[in-house]
1. Go through the stretch 1-49 and report how many residues are modelled with pLDDT under 90 and in contact with a Gly (Cβ under 7 Å, 6 or more places away or on another chain).
2. Taking into account only those residues within the stretch 89-120 that are in a loop (DSSP other than H, G, I, E, B), within 14 Å of the ligand (Cβ to nearest atom) and not aromatic (Phe, Trp, Tyr), which is surrounded by the fewest Cβ atoms within 10 Å (Cβ to Cβ)?
3. Taking the stretch 131-152, which residues are assigned to a helix (DSSP H, G or I) and modelled with pLDDT of 95 or more?
4. Can you confirm whether ARG141 is among the charged types (D, E, K, R), more than 16 Å from the ligand (Cβ to nearest atom) and touching an Asp or Glu at 6+ places or on another chain (Cβ under 7 Å)?
5. Among the candidates GLY251, GLY217, single out the residue that is in contact with an Asp or Glu (Cβ under 9 Å, 6 or more places away or on another chain) and in contact (Cβ under 8 Å) with a residue 12 or more places away in the chain.
6. Give the number of residues within the stretch 70-88 that are near the ligand (Cβ under 8 Å from one of its atoms) and surrounded by fewer than 19 Cβ atoms within 10 Å (Cβ to Cβ).
7. Can you report the number of residues in the stretch 64-82 which are free of Cβ contacts under 8 Å to residues at least 60 places away in the same chain and assigned to a helix (DSSP H, G or I)?
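The values are calculated or read from the model by the stated rules, or taken from the named source; none is laboratory data. Fair warning: this is a prediction, and the values are worked out from it, not measured in the lab. Please note: Cβ atoms are built from the backbone with ideal geometry, for glycine as well, and neighbour counts cover all protein chains shown.
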Amino acid sequence: MNVPRPAPIEPAQVDPATLAAFGQLVRDRLGLEIGKSRDQLARKLWSTALDAGLAEAEPSSWVAVLGRASPLSRGWAAIADVVPNHETSFFRDVEQLQRAVESVPPGPGAARLLSVGCSSGEEVFSLVMLLHGRLEALWGRRAEVWGLDVSPAALARARKGWFPLGAVERAGAGPEAWQTRFLRPSGEGFVLREHVRERARFHEANLALPASLAVLGQFDVVLCRNVLIHFEPEAAKRAVNSLRTLVKPGGSLVLGAAEAPLLGALR
Ligand SMILES: C[S@@+](CC[C@H](N)C(=O)[O-])C[C@H]1O[C@@H](n2cnc3c(N)ncnc32)[C@H](O)[C@@H]1O
């Protein structure tokens, strides 16, 4: 049974100092710049407080409690689930994905690709579908595509591998007959077939905390698209430097079109 969410408080009920402190907390913790809209900030703070189980307390105490929360707490997860923009789609900017797949260098062992800020997994599954057949045909290699995100809720959706019909309607141009070769109908949507899901792996980590990324090892291609445009500029530069350490020698780092100038950022 769905429990209705209580009505949000009016933005005017949250004092400017609380909103500013929330914006700073999100910047420090995730590297994200939430923007200047007072209403949007108040709505995100309200949803975060609700998900963190704080809604009964005074708004002025929320940020202090969230600020003391440990990385494993409900408060931390609530910030990661509620605050970022999680918009994504299958085969988004597909020419760039295609070029990334074609750039995988030949070599021994499994070809490894990583999508940083993978949201609910569409980018990861798109890469698996684009890779399908190509690596075995060329070099007899196996492929593994990892997705990394800070949001536990987005990753839970990705691991399920189930998507509503609208996700197919919004998709970019995929490989020929991808909908029948790689998906099967399930309820009001579809699931990825087993041979696609078995190549996808997901990992929770925070791009603003380099130590949380290192456990995955290095990759032939690291993609980070439509993530750093939401970052505060200095945090974005630090993130690019962390991402560079995840790329194998001879591999490549791919940012979204609007983020590419960051590749020239100081190391
Ligand atoms: C707009 S989506 C982009 C999804 C996909 N890369 C694409 O281009 O379609 C941005 C994702 O980045 C994730 N994200 C934001 N800040 C992050 C951080 N500090 N560490 C890891 N992931 C983060 C968000 O949770 C969100 O799912």
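1. 2
2. Initial filter on the stretch 89-120 (in a loop (DSSP other than H, G, I, E, B)): 89-93, 103-110, 117-120.
With within 14 Å of the ligand (Cβ to nearest atom) added as a condition, the list becomes 89-93, 117-120.
Those left that are additionally not aromatic (Phe, Trp, Tyr): 89, 92-93, 117-120.
Numbers: SER89: 18, ARG92: 18, ASP93: 14, GLY117: 26, CYS118: 29, SER119: 23, SER120: 27.
Ranking the candidates gives ASP93 first.
3. Narrowing the stretch 131-152 to residues assigned to a helix (DSSP H, G or I): 131, 134-139, 152.
Residue satisfying the conditions is PRO152 alone.
4. Values: among the charged types (D, E, K, R): yes; more than 16 Å from the ligand (Cβ to nearest atom): yes; touching an Asp or Glu at 6+ places or on another chain (Cβ under 7 Å): no.
For ARG141, the condition - among the charged types (D, E, K, R), more than 16 Å from the ligand (Cβ to nearest atom) and touching an Asp or Glu at 6+ places or on another chain (Cβ under 7 Å) - is not met.
5. Working: GLY217 fails: in contact with an Asp or Glu (Cβ under 9 Å, 6 or more places away or on another chain).
From the options GLY251, GLY217, the qualifying one is GLY251.
6. Of the residues in that region, 3 qualify.
7. Count: 11.
So that you can scan it fast, the table gives a plain yes or no per residue for (1) within 15 Å of the ligand (Cβ to nearest atom); (2) out of contact with any strand residue (DSSP E or B) (no Cβ under 6 Å at 6 or more places or on another chain); (3) farther than 18 Å from PRO175 by Cα; (4) touching a residue at least 12 places away in the same chain (Cβ under 8 Å):
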site	(1), (2), (3), (4)
GLU122	yes, yes, no, yes
VAL128	yes, no, no, yes
ALA137	no, yes, no, no
TRP146	yes, no, yes, yes
